[in-house]
Amino acid sequence: MRKPKDWGQPCPNPVCTHYKRMQQGNVSAIATYLTQSGKRRIFRCHTCETPFSETRETVFFDLRTSEEKVMMALKMLLVRVDLAGIGFVLGVTEATVLAWLKRAAHQAEAINSHLLRHLPVTQVQLDEMWSFIARKHAGETDTAGESLPDGEDGRQWVWISFAPEFRLMIAAVVGPRTLDTAKEIVAATKARVTGIPAFFSDGFTCYLAALITAFHIVTTCARTGKRGRPRKPLCEPHPDLVYGQLVKQKKQGKLLTLSTRVVLGAERLTHLGFTISTALVERVNLTLRQALAPLARKTSSFCKDRERLRQRVVFFQAFYNVARPHMSLRQPLPPQECIRQGAICPQWRERTPAMAAGLTDHVWTFRELLTAKFEPLDSQSISG
């Protein structure tokens, strides 16, 4: 008997028993139709008899624009072209580009949730990058202080947690420079890593409290036998928590001195042999400023609200991790492969941060980034 072809298409019907389940043998192709982007297939789930297009639950679903134009617009967003420039080149409105960006950001969130789990990282670099939305505030803050409460000025920060060994962006958060946002980026990082890695940051004071909130042990105070209420349990830093700071002293925007400070876990840091540094996460900040128009210095292409800025950062994070090869991660090909390819100079195997971390086995194409489908995390845990 001929084995049915696995199309890699999950059923999109939420009430179906095979909802979003891959490789179940319940989906088959039943027809094709023509669009501006070429031929597309229609599939049917034989469990619930639901027909659906191959673009269902992708960025391209139910769009009247060609896939090439949509991908071109989204690519331009990643190379520092503003909305007005994209609209002028492609002949579309800014609202249309924002609608495509919203779809791409939703797809990127699904990719991040599926891939960035149980990461075996040993150290994490934390940093925040200044930006603004709606309007620029003229005030200044020092490197250790918090910003004004959200809504009182236009300043927003892009918070990044970065795994230097894989060049991987673990988490990204957009928000004010406050303790609550520091707790948010640390909590998002904790949810995606295994164990307790070593953390390094600048001298921003809120990181310490955020790390202790995420990684702590509760110590119960012994009763003294005296009258009155017993003392409340104490939250102390976890014994395995390592935290170091790279403190920068500046004057009128110019860097004067650099100094390192071990805040927690000095003995374990010595045993691990790590150097306190934030160089790589700061380099990622530069990459973001070079890639996204709203983050460029002295830009007039700033976002009008925080959600739009968050969508751009999340979309760039997924693109950076799975579809953008990193030069420092490339590996030389064996000599026999170089000879077989007829190459005179040594050839390299390009790798993305996701490949270095063992999350994927190839460099994703841009279309694959926009059309990848995944099983629900709960069904994966059950089947696994």
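The numbers here are math on the coordinates, done by the rules we state, and not lab data. Since we're looking at a predicted model, the values are computed, not measured. No Cβ is skipped: glycine too gets one built from the backbone with ideal geometry, and neighbour counts run over all protein chains shown.
Points to keep in mind about this one:
- For residue 238 and residue 270, a Förster radius of 22 Å and the Cβ-Cβ distance give a FRET efficiency of 0.80, rounded to the nearest 0.05.
- Long-range HN-HN contacts of residue 127 with modeled amide H, under 5 Å: 160
- For residue 373, the lysines whose Cα falls under 16 Å of its own Cα, not counting residues fewer than eight places away in the same chain, are 20.
- Model label sites at residue 348 and residue 41, defined 7 Å from Cα along the beta-carbon direction, differ in position by 3.6 nm.
- Between residue 283 and residue 256, the FRET efficiency estimated from the beta carbon spacing at R0 = 25 angstrom works out to 0.70.
- Peptides 17-26, 297-306 ordered by average Cβ neighbours within 10 Å, highest first: 17-26, 297-306
- The convex hull around the C-alpha trace of region 189-248, projected and averaged over every direction, spans 5.7 square nanometres.
- From the coordinates of this entry, Cα extents along the principal axes in Å is computed, and it appears in (i) 79, 54, 54; (ii) 63, 41, 41; (iii) 77, 44, 41 under the label (i).
- DSSP-defined antiparallel bridges as percent of all bridges, the chain, nearest 5: 80
- Restriction of the GluC sites (Glu not before Pro) in region 18-87 to DSSP coil positions whose beta-carbon has at most 13 other beta-carbons within 10 angstrom yields 49.
- Sorting the segments 202-209, 58-65 by their mean number of nearby beta carbons within 10 angstrom, highest to lowest, gives 202-209, 58-65.
- Label point at residue 218 placed 7 Å out along Cα→Cβ; residues across region 228-259 whose backbone nitrogen lies under 12 Å: 232-236
- For peptides 165-178, 248-261, sequence by mean Cβ density within 10 Å, most packed first: 165-178, 248-261
- Checking the cross-link pairs 248/298; 69/304; 190/226; 75/250; 39/190; 190/254 against a 32 Å limit on the alpha carbon distance flags 190/226; 75/250; 39/190; 190/254 as lying beyond it.
- Gain on full stretching of the segment that runs from residue 205 to residue 13 - 0.36 nm per residue minus C-alpha separation: 64.3 nm
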